[in-house]
Protein chains: 2
Amino acid sequence: MKSLSSLEQLAEALRRLPGVGPKSALRMTYHLLQHDREGAEQIGKAMLNALNMVHNCRSCNTFTENELCDTCVDVQRDVSMLCVVESPSDQLMIEQTMTFKGLYFVLMGRLSPLDGVGPQDIHLEKLIQRATDGVVKEVVLATNFNNEGEATAHYISETLKVRGLHVSRLARGVPVGGELEYVDPGTIARAMLDRRVT
Amino acid sequence: MKSLSSLEQLAEALRRLPGVGPKSALRMTYHLLQHDREGAEQIGKAMLNALNMVHNCRSCNTFTENELCDTCVDVQRDVSMLCVVESPSDQLMIEQTMTFKGLYFVLMGRLSPLDGVGPQDIHLEKLIQRATDGVVKEVVLATNFNNEGEATAHYISETLKVRGLHVSRLARGVPVGGELEYVDPGTIARAMLDRRVT
């Protein structure tokens, strides 16, 4: 087999992007080389630059260009609260609600035994060290409410509770604006079980 | 506004890929930086390398790393036939049918006035020079059979016919294996008008 051309190498490389298959990769390659060489240069340079600059925050594990991220160095934060999320996007969503003033720990994934993602891949040791620093009093689990997120929350909860930490989970229930007719039965069942005195 | 971080710059750059919006770009960025740094490096390097190496064939306008592409230097080809396609992928599809032994011209696009794509963007001058070299006898138009592809074929046809060239178009009709019940009426109408004596 003859060696791949530069064009084929690029199409092959683009397939490593999540959600991009062979046809999309080829389409992207043609588009960039023919119609957006400036964009291609921007992507290539930004990619190598980010690799060089970005790493994980020593404290919360999110992406940062410094040793500690902007949130972790913020002295206004309540250091006794630690919110565990799967990804930086999830952290951003919670920040936008302005309901949490503590610090975060970003797992950068979720437990998924079928995909070979175990406790070491979601930095559980780092989380345990972070949560048992003597300052953190409550850990709020904000992983997703799908199977893998729930399993991850359960696993972390068990791990931290035996170390004497107060562990909580975001409330489940009917979404704001939700009409019962259109909410799935599982959600309604959970809302019924978790009903609150008014 | 503070300057973008390396991570934000990468997400911004990835939005220049066709079909990638802000959410996908961010997801790709997180994935690469956390789970596939090797892939990120591969993409970055392949991108810059391809930009450096790949350009358009002097004769047929497709991508190549040499002055002329592999097809154009193939002495087995029938130089009197020229097939006009929109993209290298289309050329590859036709090559796989093994029904055409002539040479190609790749427009690298199609006429699309609404998107601001005019004759100069599909290298029409280069095509005219190529087709009127005195050797080419027939030009086969193999642009797509959608509105823009049809308009492009019509435009090129008019341009080349006045220069005394024999211009043809791929046949339209019912696809092989097609059942009339499931074929759209437009295709059946065209197949009826273009019916052939058996």
- Counting only DSSP beta bridges with both residues in the protein assembly as shown, what percent are antiparallel, rounded to the nearest 5? 20
- Item | Rotationally averaged projected area of segment B:12-90 (alpha carbon convex hull; nm²) | 7.2
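For a quick check of your reading of the filter: which trypsin sites (Lys or Arg not before Pro) in segment B:40-96 sit in a DSSP loop and have no more than 16 other Cβ atoms within 10 Å? Please list the in-between numbers first.
Values: sites: B:K45, B:R58, B:R77; in loops: B:R58, B:R77.
Loop-located and lightly packed - B:R58, B:R77.
Mean 1/r over all different Cα pairs, inverted: what Kirkwood radius does chain B give, in Å?
On the way: mean 1/r = 0.0499 Å⁻¹.
After inverting the mean inverse Cα-Cα distance, the result is 20.0 Å.
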- Task: Please order A:T198, B:T143, A:T99 by the number of other Cβ within 10 Å, starting at the fewest.
- Result: A:T198, A:T99, B:T143
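Can you put A:H166, B:H123 in order of Cβ neighbours within 10 angstrom, beginning with the fewest? Each step should come with its number before you reach the end.
Values: A:H166 13, B:H123 18.
By the 10 Å Cβ count, ascending, the order reads A:H166, B:H123.
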- Amide H to amide H under 5 Å from B:C60: which residues, 5+ apart in sequence or cross-chain, H placed 1.01 Å off N in plane? B:C69
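Could you work out the relative contact order of segment A:1-138, using alpha carbon pairs under 8 angstrom and six or more residues apart, expressed as a whole percent? Numbers along the way, then the final one.
Numbers: 134 pairs, mean separation 22.6, N = 138.
So the answer I get is 16 percent.
Within 10 Å of each Cβ of B:30-40, how many other protein chain Cβ atoms are there on average?
Values: counts 8, 6, 7, 9, 11, 5, 3, 4, 2, 7, 7.
Partner Cβ neighbours, averaged per residue: 6.
When only DSSP loop residues count, what GluC sites (Glu not before Pro) in segment B:95-194 have their Cβ near at most 10 other Cβ atoms within 10 Å? Display every interim value, and only then the final one.
Working: sites: B:E95, B:E125, B:E138, B:E148, B:E150, B:E158, B:E179, B:E181; in loops: B:E179.
Filter output for segment B:95-194: B:E179.
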- Note on the structure: Fewest-first ordering of B:M47, A:M98, B:M53 by Cβ atoms within 10 Å yields A:M98, B:M53, B:M47
- Query: To the nearest Å, what is the center-to-center distance of segment B:18-32 and segment A:114-161, using C-alpha atoms only?
  - Reply: 26
- Item | Tensor-based shape of segment A:45-127 (alpha-carbon gyration tensor, a/c under 1.5 rounded, otherwise prolate or oblate) | oblate
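Bear in mind that the values in this text are calculations on the coordinates, not laboratory data. All figures in this text were calculated on a predicted structure; none of them were measured in a lab. Cβ coordinates were reconstructed from backbone atoms using ideal geometry, including for glycine residues, and neighbour counts include every protein chain displayed.
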